[in-house]
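Reviewing the structure listed below.
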Amino acid sequence: MTEPKFFHIGQFLTKRAFLSTFFGAGLIVITEFLLPWLGILQIEALWDWITPVTIMFTIAIILVSSAMAKNVAASILLATAAILSFYTPYSTLDYGFISVVIIYAVTAFFAGFFSTVRITGKSALLTIGIVMGLQGLIGAGVSFFTTWEGAVSNFHDNSIGIAHGGGMGTFPLYDVIVGAFSLIYMIVFIILSRRNVTVEHSSKKFEIIGQVLIFLGIVGSLIFIVFSHEIFTSTTAASVFGETNTYYLNGLFAKMVDGQFMAVQLLNAFYILPIVGFVIGIGMALIVYQRANGTSNFMRFNHQGTFLTLNVAPFLIICAYSFILQNAMGFASYFYIRTSTWFTIFTEFTNLLLINMLVAYIIFLIITLIRRMATK
């Protein structure tokens with residue numbers, strides 16, 4: 001079989017890439033449009049435990065299909081299918097359609113790219129350290145800005161308990177701790193990536209431990225969120241964010257005009273994905289050590305590469321729709337995302353992404369088992 005290369009357009013016509021894209025796009029249309037349109041994904045029994053109130057599985061399909069197709073053309077087509085199939089409970093999506101483009105384009109591209117790229121173990125460790133470290137800095141930086149803007153006061157004024165940055169008076173102690181840990185994490189991986197290590201493995205123990213760590217990182221964070229949250233309605237949301245931002249959130253996440261949203265009470269929502277990323281990064285480092293026979297040989301992240309991109313999409317969304325940029329473009333009088341809304345965007349995206357990552361993880365596990373049985 002031809003060695004898969006992500007940017008080789010011609011390889012899209014291989015059976016693996018074409019069928020993965022074809023069936024993936026078909027499933028995306030079902031999960032992104034048909035099921036929410038019919039209201040099938042609105043399970044009221046879950047609303048007291050976790051939001052979004054309409055759980056979409058489009059991201060999981062994109063992760064799996066992009067990882068299997070391993071081609072940029074496939075990733076583009078899968079993202080396009082999701083964007084064109086996007087369902088909104090309103091007659092039109094008046095605000096924030098670029099958010100949909102960002103979420104699905106970023107997810108599809110990086111899931112395919114990181115699953116396909118063939119690199120040495122040293123380069124893999126360097127990639128993990130930089131990617132996960134930067135995402136930790138994103139979380140700390142966004143949290144610091146919301147604290148500086150006093151955005152959390154809108155939640156407290158409406159009696160919503162929500163975790164936020166801060167610490168010692170006006171000094172953003174927690175943000176500094178997360179930012180410092182992110183830098184240390186990055187530096188440690190950079191140091192490890194400079195070492196040549198060659199080992200012969202007699203078992204798959206490092207791969208297994210790494211897989212378990214990734215699984216525990218995803219599941220553990222979901223359990224934590226479920227038991228440390230507060231749910232609030234669209235009416236309360238309108239008091240916190242305003243009508244247009246609530247309209248935007250309902251269209252993007254709830255898929256209903258009177259959706260509910262979540263506030264995490266015990267851990268700043270901006271820290272959750274970075275912390276998950278730190279755990280996943282350690283798990284992936286063990287997998288790299290196994291597959292690259294240390295650090296010197298070549299390897300691929302394969303399915304695990306889809307878990308590298310975590311909070312990049314919501315960060316790009318708040319940047320694109322910030323008051324500063326929208327005002328510079330002359331659109332601020334029409335729509336911009338308020339700083340207080342950033343908490344809910346990150347929270348809803350975090351919940352949705354973690355659920356989809358768990359589904360994708362299970363699908364990847366089933367595919368791996370089937371392949372091993374077929375090989376035997």
Per the 1.4 Å probe, what fraction of the accessible area of the chain, in percent, lies on carbon and sulfur atoms? 69
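Compute the FRET efficiency between Ile187 and Ile98 as 1/(1 + (r/R0)^6), taking r as their Cβ-Cβ distance and R0 = 22 Å, and round to the nearest 0.05. Each step should come with its number before you reach the end.
Values: r = 35 Å, r/R0 = 1.58.
Computed FRET efficiency for Ile187 and Ile98: 0.05.
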Proximal lysines to Lys70, defined as alpha-carbon separation beneath 21 angstrom and excluding residues fewer than eight positions away on the same chain: Lys5, Lys15
Pairwise label distance in nanometres, Ala332 with His201, each label 7 Å out on the Cα-Cβ vector: 5.3
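As a test of understanding, state the convex hull volume per residue of the stretch 267-353 from its alpha carbons, in Å³.
Per-residue hull volume (Cα only) is 121 Å³.
Quick one: which of 242-251, 268-277, 284-293, 329-338 comes out on top by average Cβ neighbours within 10 Å, and what's the full order, highest first? Please report the intermediate quantities before stating the final value.
Details: 242-251: 21.1, 268-277: 26.2, 284-293: 22.8, 329-338: 14.7.
Taking the mean over residues of other Cβ atoms within 10 Å, the ranking is 268-277, 284-293, 242-251, 329-338.
Can you compute the helix-only [θ] at 222 nm over the chain? Use -39500 (n - 2.57) per DSSP H run of at least 4 residues, normalise by all residues, nearest 500 deg cm²/dmol. Before the final figure, lay out each step's value.
Working: 15 runs with 233 residues, N = 376.
Helix contribution divided over all residues of the chain: -20500 deg cm²/dmol.
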What nm distance separates the two modelled labels at Lys15 and Val226, each placed 7 Å from Cα along Cα→Cβ? 4.1
Before I look further, what does the stretch 1-53 give for accessible area per residue, probe 1.4 Å, in whole square angstrom? 64
Kirkwood-based shape ratio for the stretch 1-99, expressed as Rg/Rh from alpha carbons: 1.07
Averaged per residue, the 1.4 Å probe accessible area of the stretch 190-241, protein heavy atoms only, in Å², is roughly 58
If DNA, RNA and ligands are ignored and the probe is 1.4 Å, what is the ranking of Val29, Val117, Val53 by accessible area, most exposed first? Val29, Val117, Val53
Shape parameters for the stretch 1-56, alpha-carbon atoms, Rg then Dmax in Å: 17.3, 49
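For the chain, take the alpha-carbon Rg, divide it by the Kirkwood Rh, and send me Rg/Rh. Don't jump to the answer; show the numbers that get you there.
Numbers: Rg = 20.7 Å, Rh = 21.4 Å.
Rg/Rh for the chain comes to 0.97.
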In Å², nearest 10: area of His164 left accessible to a 1.4 Å probe: 70
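The values are calculated or read from the model by the stated rules, or taken from the named source; none is laboratory data. All of these numbers come straight from a predicted model, not from anything done at the bench. When we count neighbours, we look across all protein chains shown, and the Cβ atoms used for this are built from the backbone with ideal geometry, even at glycine. These accessible areas exclude ligands, DNA and RNA; they are computed on the full protein's heavy atoms, side chains included. Shrake-Rupley method; radii C 1.70, N 1.55, O 1.52, S 1.80 Å.
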